[in-house]
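The values are calculated or read from the model by the stated rules, or taken from the named source; none is laboratory data. A quick note: this is a predicted structure, and the numbers were derived from the prediction, not measured. When we count neighbours, we look across all protein chains shown, and the Cβ atoms used for this are built from the backbone with ideal geometry, even at glycine.
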Amino acid sequence: MSETSPKLRAELEGIPTYKPGKPAAAGGPVAYKLSSNENPYPPLPGVLESVTGAAASFNRYPDMACTGLMNELSDRFGVPLTHLATGTGSVGVAQQLIQSTAGPGDEVIYAWRSFEAYPIITQISGATSVQVPLTSGEVHDLDAMAAAITDRTRLIFVCNPNNPTGTAVRRAELERFLDRVPSDVLVVLDEAYREFVRDVEVPDGVEFYRERPNVCVLRTFSKAYGLAGLRVGFAIAHEPVAAALRKTAVPFGVSQLAQEAAVASLRAEDELLGRVGSLVCERNRVVESLRGQGWTVPDTQANFVWLRLGERTVDFAAACEGAGVVVRPFPGEGVRVTIGEDEANDIFLKVTEKFH
Ligand code: PMP
């Protein structure tokens with residue numbers, strides 16, 4: 001067998017690996033996982049049934065075109081099938097988006113800190129990351145992002161709401177920003193947490209996709225729909241972008257189980273969005289409690305909260321773990337804490353009370 005070429009090996013060694021949120025300790029004290037922005041609710045019985053049905057034929061390859069899911073999405077969003085592409089989680093679709101848009105010598109702009117996969121998938125494509133710091137309120141600085149555009153810019157990610165701060169950009173500022181982006185630069189509105197947004201001024205990216213051929217909306221079934229383990233996401237984009245996504249997809253990348261579960265989830269949307277409503281109430285309770293304890297917490301529109309802790313970050317995460325909840329530390333910066341089961345949120349709030 002031939003060895004990896006030394007040049008390639010050196011390049012691969014330079015690419016950081018994606019770090020998943022730490023799991024809750026098995027067999028330890030009651031431990032809740034609040035480290036990956038997952039949905040704490042178990043699958044709906046109807047969704048489980050659809051997966052069990054699909055499991056009966058997993059000796060067969062899945063429908064490569066994801067026909068049933070594509071049709072369902074087309075109806076749900078009122079977009080033509082040619083403007084849709086599915087993939088192995090929205091991170092898979094994001095990776096395809098970069099790979100089909102940018103390469104060596106090209107630039108990809110995104111806010112920082114934001115979703116951890118952006119620098120990794122940009123580096124994998126050979127393109128260069130241009131990271132634009134969030135403002136001190138932990139919000140996208142869209143003026144600075146517009147100013148960072150050069151002739152080499154091919155793609156811009158706007159994570160709305162932003163992971164890990166939870167903050168969201170509003171319609172007027174996003175519109176002003178999009179007006180400044182050249183039409184040959186693709187803007188990806190990553191809306192993994194869209195269903196948790198309650199600020200009516202935060203736009204549904206699909207509005208912008210309808211008006212602008214260079215806007216692509218990225219969505220996932222992992223969060224509000226509770227299918228993180230099944231890996232299915234999708235993009236809504238105009239023809240050349242969506243066609244490139246379909247071309248670069250890993251063949252059979254979305255399992256039949258994932259396809260059936262996604263369709264069943266769209267059909268059970270009312271119930272699932274009811275759960276999202278309960279999580280939003282919990283989120284508001286947690287944010288109010290934190291503020292009541294004296295913490296400064298950015299306004300979150302997602303299913304998690306961001307606590308800036310600086311040098312105390314690692315100690316805080318360890319204290320949470322000791323108390324039975326696993327959170328996501330970003331050493332030197334802060335922690336991101338998913339809104340989970342009520343009792344898990346209470347444990348977290350007890351730690352913050354002591355730590356302040
Ligand atoms: N975008 C954002 C902003 C995320 O936070 C995540 C998951 N953490 C993803 C995309 C990817 O989610 P998935 O691949 O599960 O669809």
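Conditions (1) polar (S, T, N, Q); (2) in contact with a strand residue (DSSP E or B) (Cβ under 9 Å, 6 or more places away or on another chain); (3) more than 18 Å from S74 (Cα to Cα), marked per residue:
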| site | (1), (2), (3) |
| --- | --- |
| C159 | no, yes, yes |
| N163 | yes, yes, yes |
| T167 | yes, yes, yes |
| A172 | no, no, yes |
| C216 | no, yes, no |
| T220 | yes, yes, no |
| G229 | no, no, yes |
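Is it true that L174 is crowded, with 19+ Cβ neighbours inside 10 Å, within 20 Å of V263 (Cβ to Cβ) and hydrophobic (A, V, I, L, M, F, W, C)? So L174 does not fit the description; no.
Across the stretch 98-129, the qualifying residues are those that are away from the ligand (no atom under 15 Å from the Cβ), β-branched (V, I, T) and free of Cβ contacts under 8 Å to residues at least 60 places away in the same chain, and the one among them that is surrounded by the fewest Cβ atoms within 10 Å (Cβ to Cβ) is T128. When only residues in the stretch 66-97 that are farther than 21 Å from G226 by Cα and touching an Asp or Glu at 6+ places or on another chain (Cβ under 9 Å) count, which is surrounded by the fewest Cβ atoms within 10 Å (Cβ to Cβ)? Top of the filtered list is P80.
For the stretch 209-221, check the following and say yes or no: at least one residue is within 16 Å of the ligand (Cβ to nearest atom), closer than 24 Å to G166 by Cα and outside any strand (DSSP E or B). Within the stretch 209-221, one or more residues are within 16 Å of the ligand (Cβ to nearest atom), closer than 24 Å to G166 by Cα and outside any strand (DSSP E or B).
Here's the yes/no breakdown for (1) touching a His at 6+ places or on another chain (Cβ under 7 Å); (2) among the β-branched types (V, I, T); (3) closer than 29 Å to P45 by Cβ; (4) crowded, with 19+ Cβ neighbours inside 10 Å:
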| position | (1), (2), (3), (4) |
| --- | --- |
| T220 | no, yes, yes, yes |
| A224 | no, no, yes, yes |
| G229 | no, no, yes, no |
| V232 | no, yes, yes, yes |
| I236 | yes, yes, no, yes |
| V241 | no, yes, no, yes |
| G253 | no, no, yes, yes |
| Q256 | no, no, yes, yes |
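Residue count for the stretch 282-302, restricted to those that are exposed (fewer than 15 other Cβ atoms within 10 Å of the Cβ), under 20 Å from E343 (Cα atoms) and out of contact with any helix residue (DSSP H, G or I) (no Cβ under 7 Å at 6 or more places or on another chain): 4.
Restricting V351, V276, V286 to residues that are over 18 Å from S136 (Cβ atoms) and touching a Cys at 6+ places or on another chain (Cβ under 9 Å) narrows the list to V351.
Residues considered: G277, G253, G340. Of these, the only one that is more than 30 Å from C66 (Cβ to Cβ) and small (G, A, S) is G340. Checking each residue in the stretch 170-198 for being touching a residue at least 60 places away in the same chain (Cβ under 8 Å), in a strand (DSSP E or B) and either β-branched (V, I, T) or within 13 Å of the ligand (Cβ to nearest atom) (or both) picks out V188, D190.
Within the stretch 139-152, residues that are of a type in the set (D, E) reach partners that are assigned to a loop (DSSP other than H, G, I, E, B) and surrounded by fewer than 17 Cβ atoms within 10 Å (Cβ to Cβ) with beta carbons closer than 7 Å, at six or more positions or on different chains, in the pairs D141/T135. Right, A54: in contact (Cβ under 8 Å) with a residue 24 or more places away in the chain, under 25 Å from Q259 (Cα atoms), surrounded by 14 or more Cβ atoms within 10 Å (Cβ to Cβ) and more than 23 Å from the chain's Cα centre (by Cα) or not? Judged against the criteria, A54 is a match.
From the list A261, A235, A224, the lone residue that is modelled with pLDDT of 95 or more, part of a loop (DSSP other than H, G, I, E, B) and within 14 Å of the ligand (Cβ to nearest atom) is A224.
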